[in-house]
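The values are calculated or read from the model by the stated rules, or taken from the named source; none is laboratory data. Fair warning: this is a prediction, and the values are worked out from it, not measured in the lab. Glycine gets a Cβ as well: all are built from the backbone with ideal geometry, and neighbour counts include every protein chain shown. The protein model used for the area step is the full one, side chains on, heavy atoms only, and it has no ligands, DNA or RNA in it. Shrake-Rupley method; radii C 1.70, N 1.55, O 1.52, S 1.80 Å.
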Amino acid sequence: MKFKAMTAVAALLLSVPAMTLADPDEDSLAINGELDMVTETAAPAHLSDALDTIYSGWRFREDETQALQMDDFDNPGMVFADLGLDQWNKVEGEAGKSCASCHGTPEESMKGVRAVYPKWNETAGEVRTLAMQINGCRTENMKAEPYKYTSGQMTNMEALISVQSRGMPVDVVIDGPVQATWEAGKEIYYTRFGQLELSCANCHEDNYGNMIRADHLSQGQINGFPTYRLKNAKLNQVHARFKGCIRDTRAHTFEAGSPEFVALELYVASRGNGLSVEGPSVRN
Amino acid sequence: MDFTRRDTLALGMGAVALTVLPFRANAAADDAIAAFTGGAAMADAGVTLTAPEIAENGNTVPISVEAEGAVSIMVLAAGNPTPGVATFTFGEMSGAHSASTRIRLAGTQDVIAIAKMADGSFAKASSNVKVTIGGCGG
Amino acid sequence: MAEGVKPRVKAPSKAAAGEAVVLKTLISHQMESGQRKNADGTPIPRSIINRFTCEFNGTSVIDIQMEPAISTNPYFEFEAVIPEAGDLKFTWYDDDGSVYEDTKSVAIG
């Protein structure tokens, strides 16, 4: 079993033999030259057996890609946060309300929110991702249709809410009522999927810093979501990214918004506790 | 559940095949140049084209052009199925005659910039951009 | 008008008389090249922004003819000379006939 999985990673890595960048680069990230971001820090205690240091995915990108995130007018993700603000102010649903009716401006009400999600919702008695909470407010408080989980409207809204926490450290809670979900997410992270029998950890924990095909492999952190990807030139929802990563191992994948992906998001978010919230970030 | 050698090889080769698409001089690019210059000779100096040596994704490749005293600058991607990219025409209120944008490149190829100067002469610059197609991780 | 098209412009609110200032613009737009196909093999028709202009008090700063090789969410950075107080006007022309505009006032000081 173990031997097979190692062969799979090794073969993938070998496909671009010319480049052997072993580590994240040494660049530092300041947005608009003023908002300093933590892109490297000591791993949270729960990871002490696996990693010493955690890195933002930004550190693994080429200079030209990195530059796109260093200025809010160069970052194409920011125009979607602007679209998110239009949605925020728009009255929708039978209750005749907009987000603004209850929450005022996002600057006032959403600061720090992105940094602590996914988190326990007492009233609903469940772990909620930010996307679930947005849809919870739409269906329960506005009597409006939910956004499709990985739709443009959802990522626009997530971008608007994330911007209010940019630069704050990711700080998701992993114990108390969320602990069982967190454990379930951890189990998924270390499960080998698909014909290639690869787990998230095989790539993002064992091989970060190596080249896989033409890609510089990161730790697969989610502090930058939603991410604007050059590949599809739009904001990408975190569950859509999980889906793509699992599909690459030739496995059947879970659905966006499924309990499995909610648990995985909580666990992966906690692996980034201490990195700055970067959303909307720019990746390749 | 079986993991065969063919699978890994296929995964590896997809990327290689895409990344080495060579630059082809393209008749359409020659036509576009002829239409812009009227067949006039082009100087090697006078226009600067800045592009990355390696682009992480061909969908969004940052480039800039600058030519002091230019009336307009045409940018072509000679290896794209249709080579036209953009033509920048500088007005009276223009500052430095420079512009930056982001372009699509279908593979590794030469990007070409041709400036038309106020005196009717032309200058050309080109830059080879290697396009890597990552695309792993969804 | 295509869905979700929104311009974003960065221009200084003040400049010294005669100063050259840097302008940055981005507009959310798919820039459908006309070369892609649907899952069932039918070509997706071209739908792009084909021209972008910037004027200061009615005089041209830059006029850009755009082809399908310009990336999704087109971005431009360029310079304008600001001789006096006035308005920078930015205009994007869509294949479908829509025109998107934005204006920024610049003071002298």
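Observations, loosely collected:
- FRET E, pair A:Glu92, A:Trp120, Förster distance 25 Å, beta-carbon r, rounded to 0.05: 0.35
- DSSP finds beta bridges in the protein assembly as shown, and of those with both partners inside it, around 90 percent are antiparallel.
- Qualifying trypsin sites (Lys or Arg not before Pro) for the range A:238-284 [loop in DSSP, other Cβ within 10 Å: at most 16]: A:Arg250
- Across the accessible surface of chain C, with the other protein chains kept in place and a 1.4 Å probe, carbon and sulfur atoms take up 46 percent.
- Reduction of at least 50 Å² in accessible surface, 1.4 Å probe, comparing all protein chains with the chain by itself, residues of the range A:186-215: A:Gln195, A:Arg213, A:Ala214
- Sites matching trypsin sites (Lys or Arg not before Pro) across the range C:1-87 that sit in DSSP coil, with at most 14 neighbouring C-beta atoms within 10 Å: C:Arg36, C:Arg46
- Model label sites at A:Glu140 and A:Lys111, defined 7 Å from Cα along the beta-carbon direction, differ in position by 2.6 nm.
- Charged neighbours of C:Val21, selected by a Cβ distance under 14 Å, balance to -1 (K, R count +1; D, E count -1).
- Stokes-Einstein diffusion coefficient of the protein assembly as shown, Kirkwood radius over Cα pairs, 37 °C, 0.692 mPa s, in µm²/s: 133 µm²/s
- For the range C:37-78 and the range A:234-284, distance of Cα centres in Å: 32 Å
- In chain C, the alpha-carbon atoms span a convex hull of 87 Å³ per residue.
- With the simple model of a label 7 Å out from the Cα in the direction of the Cβ, A:Ser101 to C:Asp87 spans 3.5 nm.
- Loop-located GluC sites (Glu not before Pro) in the range C:1-89 whose Cβ has at most 14 other Cβ within 10 Å (DSSP): C:Glu3, C:Glu84
- Violating pairs (Cα-Cα greater than 32 angstrom) within the set A:Lys119/A:Lys143; A:Lys243/C:Lys37; A:Lys231/C:Lys24; A:Lys97/A:Lys243; C:Lys37/C:Lys89: A:Lys97/A:Lys243; C:Lys37/C:Lys89
- Protein heavy-atom accessible area occluded, C/B pair - total, 1.4 Å probe, Å²: 2100 Å²
- Within chain A, the proportion of C-alpha pairs whose separation exceeds 25 Å stands at 46%.
- Cα gyration tensor, the range A:210-262 - rounded (a/c under 1.5), prolate or oblate: oblate
- Interface residues in the range C:81-96 - accessible area drops by 40 Å² or more relative to the isolated chain, probe 1.4 Å: C:Val81
- Listing of the range A:46-67 residues, each with accessible area lower by at least 30 Å² in the full protein assembly than in the chain alone (probe 1.4 Å): A:Glu62, A:Glu64
- Within straight-line reach of B:Lys116, meaning a Cα separation under 23 Å, sit the following lysines at least 8 residues removed in sequence or on another chain: B:Lys124.
- Chain A packed on chain B takes about 2700 Å² of accessible surface away from a 1.4 Å probe, both sides summed.
- Rounded to the nearest 0.05, the FRET efficiency derived from the C-beta distance between C:Asn57 and B:Asp119 at R0 = 35 Å is 0.80.
- Scaling against 2.2 N^0.38 Å puts the C-alpha radius of gyration of the range C:1-59 at 1.68.
- The simple Förster model, with R0 at 22 Å and r as the Cβ-Cβ distance, assigns B:Ala43 and B:Asn128 a FRET efficiency of 0.65.
- Per-residue [θ]222 nm for the protein assembly as shown (sum of -39500 (n - 2.57) over DSSP H runs n ≥ 4, rounded to 500): -6500 deg cm²/dmol
- Taking 7 Å steps out from each Cα toward its Cβ at C:Thr42 and A:Asp52 produces label points 5.9 nm apart.
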